[in-house]
Amino acid sequence: MENSEEEKVVAVIMVGGPTKGTRFRPLSFNTPKPLFPLAGQPMVHHPISACKRIPNLAQIFLIGFYEEREFALYVSSISNELKVPVRYLKEDKPHGSAGGLYYFRDLILEDNPSHIFLLNCDVCCNFPLPDMLEAHKGYGGMGTMLVIKVSAESAYQFGELVADPITKELLHYTEKPETFVSDLINCGVYIFTPEIFTAIQDVSTHREDRANLRRVSSFEALQSATSRTLPTDFVRLDQDILSPLAGKKQLYTYETMDFWEQIKTPGMSLRCSALYLAQFRLTSPHLLAGGDGNKSATIIGDVYVHPSAKVHPTAKIGPNVSISANVRVGAGVRLISCIILDDVEIKENAVVMHSIVGWKSSIGKWSRVQADGDYNAKLGITILGEAVTVEDEVVVINSIVLPNKTLNVSVQEEIIL
């Protein structure tokens, strides 16, 4: 009993805010991006339920700039469901990824945790948190970061790093480098000891000292060169903490061999929904639908159907389909690789593929809403915003349709404002 008393762990999930996530429009107009459903669960639900597997987890904090009311309902229901306190903490202004942590340090440390997990909400992976904790304890450093190997061509988009192949120590770290450094990148999942707060404090103090030095110094040149410095309470995890501490036997890496993606665009959310649905086969098979076309619809591959949705037995659904609450799917409908949001109606013999259909939208008989399925291209998937009506026999290909539009003619490669 002694041991479990002293070894408490807390988790912090960074959820960003409405100023971020502009690439997620038109889906982020009426729902904060972290609550957008992937595989039928809010995006933030996946890291939260992964935290539930951490031994001796005391509580989970979500930190962001959204209004508290936007998260209140979700936070209370998930706390009840997981039997772990989940609290949303609203920043007064941006403090940077490390500064935000520091701003709420008293709350984060109130349980005297021995370890603090820090996760980014817009990351999709299998979150191997218990294994990472074991590795971190073995390394004996201040922090351990999850890393993954990616193709040399795509590495520049992320934080690249060099680690010692034997000890796994982080030797060098650069955020989005100009030239190729390494094919190992930062996954945005960390574990720290409470010493991280001292390290963040040191950055702020150092900045204040430099600012004070500038005030008393009469060197004009010095002043102009450094007057653009950041506010003392704005501390970035990557540039201000990870880069300077690399190679000092403080930070270590844990490599995942599983999947990892960043959810920056609606296209990537469709890809990540597929990854999470596949993950459910291992972690939560009860969430996946089944059906053979007799009493219920024919299901192919991994599909999530909300219990309140009504799907006609002659429909054929999957793979990679997620159907939200109160959706009505008519006879003969075919759905492939799509996210259907709440209160959508899809009428007889319509086809939807590689698309996201917004809340309260309606798709007419014999209509097609489709795209090529290139998740990285701007129009690689079709997106219907909230309350879009596609009339009977209309075809919508590789397009984005903003909310409250009615389409009575076919469109291709268009953004309909």
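Among the residues of segment 264-311, just one is without any contact (Cβ under 8 Å) to a residue 24 or more places away in the chain, under 30 Å from residue 188 (Cα atoms) and among the charged types (D, E, K, R), namely 281.
Counting only strands (runs of 3 or more DSSP E) that sit completely within segment 322-417, those holding 1 or more residues that are on the phi < 0 side of the Ramachandran plot and under 22 Å from the mean Cα position of the chain (by Cα) correspond to 334-340, 351-357, 382-384. When 319, 313, 307 are screened for being part of a loop (DSSP other than H, G, I, E, B), closer than 20 Å to residue 353 by Cβ and in the same structural domain as residue 365 (by TED's automatic domain parsing), only 319 passes. Taken together, the criteria place residue 296 among residues that are polar (S, T, N, Q), outside the structural domain of residue 26 (by TED's automatic domain parsing), modelled with pLDDT under 95 and in a loop (DSSP other than H, G, I, E, B).
Inspection of segment 55-69 finds no residue satisfying the criterion of being of a type in the set (S, T, N, Q), over 30 Å from residue 382 (Cβ atoms) and under 15 Å from the mean Cα position of the chain (by Cα).
Within segment 168-178, the residues that satisfy the criterion of being surrounded by fewer than 22 Cβ atoms within 10 Å (Cβ to Cβ), assigned to a strand (DSSP E or B) and not polar (S, T, N, Q) are 169, 171, 172, 175.
Scanning segment 97-112 for residues that are over 12 Å from residue 12 (Cα atoms), surrounded by fewer than 23 Cβ atoms within 10 Å (Cβ to Cβ) and touching a residue at least 60 places away in the same chain (Cβ under 8 Å) yields 103, 111, 112. Kindly indicate whether any position in segment 131-145 is touching a strand residue (DSSP E or B) at 6+ places or on another chain (Cβ under 8 Å), assigned to a loop (DSSP other than H, G, I, E, B) and not basic (Lys, Arg). The answer is yes; a qualifying residue exists. Say we look at segment 384-413 and pick out the residues that are exposed (fewer than 14 other Cβ atoms within 10 Å of the Cβ) and not β-branched (Val, Ile, Thr); which of these is farthest from residue 352 (Cα to Cα)? My answer is 404.
Among residues that are within 16 Å of the chain's Cα centre (by Cα) and either in the same structural domain as residue 325 (by TED's automatic domain parsing) or aliphatic (A, V, I, L, M) (or both), residue 39 is included.
Remark: residue 144 matches the filter, which requires a residue to be of a type in the set (S, T, N, Q) and closer than 30 Å to residue 24 by Cβ.
Can you pull out every residue in segment 386-400 that is among the aliphatic types (A, V, I, L, M) and free of Cβ contacts under 8 Å to residues at least 60 places away in the same chain?
387, 388, 390, 394, 395, 396, 397, listed by residue number.
Here is a yes/no grid of residues against (1) buried (at least 19 other Cβ atoms within 10 Å of the Cβ); (2) more than 17 Å from residue 54 (Cβ to Cβ):
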site	(1), (2)
127	yes, no
136	yes, no
141	yes, yes
150	no, yes
163	yes, yes
166	no, yes
180	no, yes
187	yes, no
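Reported count of residues in segment 343-377, each being within 25 Å of residue 33 (Cβ to Cβ), out of contact with any His (no Cβ under 8 Å at 6 or more places or on another chain) and touching a residue at least 24 places away in the same chain (Cβ under 8 Å), is 15. The residue of segment 9-52 that is farthest from residue 278 (Cα to Cα), among those that are among the basic types (Lys, Arg) and at pLDDT below 95, is 20.
The values are calculated or read from the model by the stated rules, or taken from the named source; none is laboratory data. These figures come from a predicted structure and were not determined experimentally. Cβ sites come from the backbone with ideal geometry, for glycine too, and all protein chains shown count toward neighbours.
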